[in-house]
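Everything on this sheet refers to the single structure shown next.
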Amino acid sequence: MVMRKLHQVIPAMPTSDGAGVRLRRSLGQSQQARLDPFLMLDEFSSENADDYLAGFPNHPHRGFETVTYMLDGHMLHEDHMGNRGDLRSGDVQWMTAGRGIIHSEMPQQLQGRMRGFQLWLNLPAKEKMKPAGYRDIPAASIPVVALPGGGSVKVIAGTITVNGRPTPGPMQGLSTEPLYFDVSLQAGETFAQALPAGHNAFLYVYEGDVAVGAAGDARKLPRHSAGVLAEGDAVTITAAEEGARFILLAGKPLLEPVVQYGPFVMNTREEIEQAIRDYQSGRLTA
Ligand code: CO
């Protein structure tokens, strides 16, 4: 077994998006800060309604998938296909923009804590123009698996095997074979798991702090940072004194060119120009 080391730390940068929602952006803060097939990771977290009330009014996407995971709060998604997704604490929405989607994501609370993530996951060239798709994944359908050394994992995508027993999450069968785990550890507890050798992988710590690597060779990863993992086929992550919560993502790299213009992610400049023309002429989703 080759233990994956912490290869790169990408501290999240404060930014705002939509109509003025305050975010922390780690992956995607620059073109260099991507990890194929992952394009972007935003964390939104605030007790202050001014930071989120403006929401994300109608906007387009083409060429990739957006995965929204609500930790706390209430958000309503509506799109041009007539889907209405009422996301509450613990729910996930997996949206495949494909050739085009126009949607809004608006907070349904006037106060209190809103916290969660939006991940952008790329699609292979041959799937970028497939019909848009949409799936709501209620919290109750996300398995929670107890770890042998303490702590637990919510399995959103892919499969986790603990004590020889596989537990599949609700999202399966995608081309990039993503793993999306939400891990909770008490102080000193360790998450030790095999990860597919060919996958790119990173974790993002949103509570507490962790050390990545086997004892004696571990490197600290502070909260609100994405930690990109080096090659290998296993990972060991240990929570510091306060315990920790982090998401762990892994996916098969596409190894294709990425050309992004705002909410459109294609393979060539010409395809981006086509997306802009399609959007301007009302044909993005046609
Ligand atoms: Co969107």
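Would you mind calculating the relative contact order of the range 74-213 from Cα pairs under 8 angstrom and at least 6 residues apart, reporting the percent as a whole number?
18
State the Cα centre-to-centre distance between the range 1-51 and the range 158-215 in whole Å.
Cα centroid of the range 1-51 versus Cα centroid of the range 158-215: 18 Å apart.
As I understand it, the value is the acute angle between the Cα axis of helix 269-280 and the longest principal axis of the Cα atoms of the chain; what does it come to in degrees, rounded to 10?
The angle comes out near 60 degrees.
Counting Lys +1, Arg +1, Asp -1, Glu -1, what net charge surrounds residue 14 among other residues with beta carbon under 9 Å of its beta carbon?
So the surrounding residues net to +3.
Roughly how many Å² is the accessible area per residue of the range 172-251, as a whole number, for a 1.4 Å probe?
Per-residue accessible area for the range 172-251 comes out at 36 Å².
Give me the distance between the Cα centres of the range 52-119 and the range 226-266, rounded to whole Å.
The distance from the Cα centre of the range 52-119 to that of the range 226-266 comes to 21 Å.
Which value, in debye to the nearest 20, gives the size of the charge dipole of the chain about its Cα centre, when Lys and Arg are +1 and Asp and Glu are -1 at the Cβ?
Rounded to the nearest 20 debye, it is 400 debye.
Mind giving me the nanometre distance, one decimal, between the label points for residue 161 and residue 1, set 7 Å out from Cα along Cα→Cβ?
If labels sit at residue 161 and residue 1, their model points lie 1.2 nm apart.
Near residue 252, which lysines are there with a Cα under 24 Å away, not counting those fewer than 8 places off in the same chain?
5, 126, 128, 130, 154
For the chain, give the percent of accessible area contributed by carbon and sulfur heavy atoms, probe 1.4 Å, rounded to a whole number.
50
Take 56, 117 and sort them by solvent-accessible surface of the protein heavy atoms, 1.4 Å probe, largest at the top.
56, 117
The values are calculated or read from the model by the stated rules, or taken from the named source; none is laboratory data. Here the structure is a predicted model, which means the values were calculated and not measured. Every residue, glycine among them, receives a Cβ derived from its backbone with ideal geometry; neighbour counts consider all protein chains shown. All accessible areas refer to the heavy atoms of the entire protein, side chains included, with ligands and DNA or RNA removed. Shrake-Rupley method; radii C 1.70, N 1.55, O 1.52, S 1.80 Å.
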